[in-house]
Amino acid sequence: MAGAGTGPGIPTANEPAGPGFTLGPPVRRSPLRGQLPTLAVISAGGALGASARYGAALLWPTAHGAFPWTTLLVNAVGCAVIGVFMVVVTEGLSAHHLVRPFFGTGVLGGFTTFSTYAVDAQHLLTGSQIGTALVYLAGTAVAALVSVWAAAALTRRVISWRRGR
C-alpha cells in the first residue's frame, strides 16, 4: 500500500521502489568530489607562477611613484605565453587533462598579476600622477590583448607550417 497522500502505487521512503531499490533520504555528494587532483595542480602551479612573478619584482623593482614597467612586462609576457600555450594544447598536441589547469590556470594565473596592476594604478592615482595612471591602465590592457593575440596567431602559423612539411 502506498504512503498517505502519495497516491496509489507511488512508493514512499524506505518502501521498495523496484528490484534492488529502496527510496530513502537523498545521498548528498560533495561538489568537490573528483576535483581534488585539479585543485592540487592549480595550487602547485599557482605557487610556481606567483614565485616567478615575485622573483621578477625582486630583480626589477619599481620605485614608489615610478612607472610600473615590471608589472606591465610580466603581464604582457604572461599573456603571450597564454596565447602560445592555449593554441598548442587545443590545436597542436593532445595533453594530459591536468596540464591546462596546472599551467594555464595555475602557473600563468599566478604569474600574471592584474591585482598588482590595480594596486600600481591606485598608487599612481593617489600620488597625483593621473596621466601616468591612465597611460598605465590602458597600456597594460592593450599590451595584454596584443600579446595574447600575436602569440596565438604566430603559434598557429608555426603549427600550420610544421604540419605542411
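The values are calculated or read from the model by the stated rules, or taken from the named source; none is laboratory data. Only a predicted model underlies this, so the values are computations on that prediction, with no experimental measurement involved. So basically every Cβ, Gly included, is an ideal-geometry build from the backbone, and we count neighbours across all protein chains shown. Surface areas here come from the heavy atoms of the whole protein model, side chains and all, with no ligands, DNA or RNA. Shrake-Rupley method; radii C 1.70, N 1.55, O 1.52, S 1.80 Å.
Some points to look at:
- Taken as a whole, the condition of being within 30 Å of ALA133 (Cβ to Cβ) and at pLDDT 95 or above does not apply to LEU48.
- Residues in the range 18-43 that are modelled with pLDDT of 90 or more and part of a loop (DSSP other than H, G, I, E, B): there are none.
- Meeting the requirement of 1 or more residues that are aliphatic (A, V, I, L, M), modelled with pLDDT of 95 or more and open to solvent by 70 Å² or more (accessible area, probe 1.4 Å), the helices (runs of 4 or more DSSP H) wholly within the range 73-165 are 130-164.
- Odd one out for ILE82, checked against (1) farther than 22 Å from SER160 by Cβ; (2) under 19 Å from the mean Cα position of the chain (by Cα): (1)
- Within the range 51-65, if we keep just the residues that are under 20 Å from the mean Cα position of the chain (by Cα) and under 15 Å from VAL119 (Cβ atoms), the residue that is surrounded by the fewest Cβ atoms within 10 Å (Cβ to Cβ) turns out to be TYR54.
- Pairs are defined by a Cβ separation below 6 Å, a sequence spacing of at least 6 or placement on different chains, a first member in the range 87-102 that is farther than 14 Å from SER160 by Cβ and touching a residue at least 40 places away in the same chain (Cβ under 8 Å), and a second member that is among the hydrophobic types (A, V, I, L, M, F, W, C) and assigned to a helix (DSSP H, G or I); the pairs so defined are LEU98/VAL41; PRO101/VAL41; PRO101/ILE42; PHE102/VAL41.
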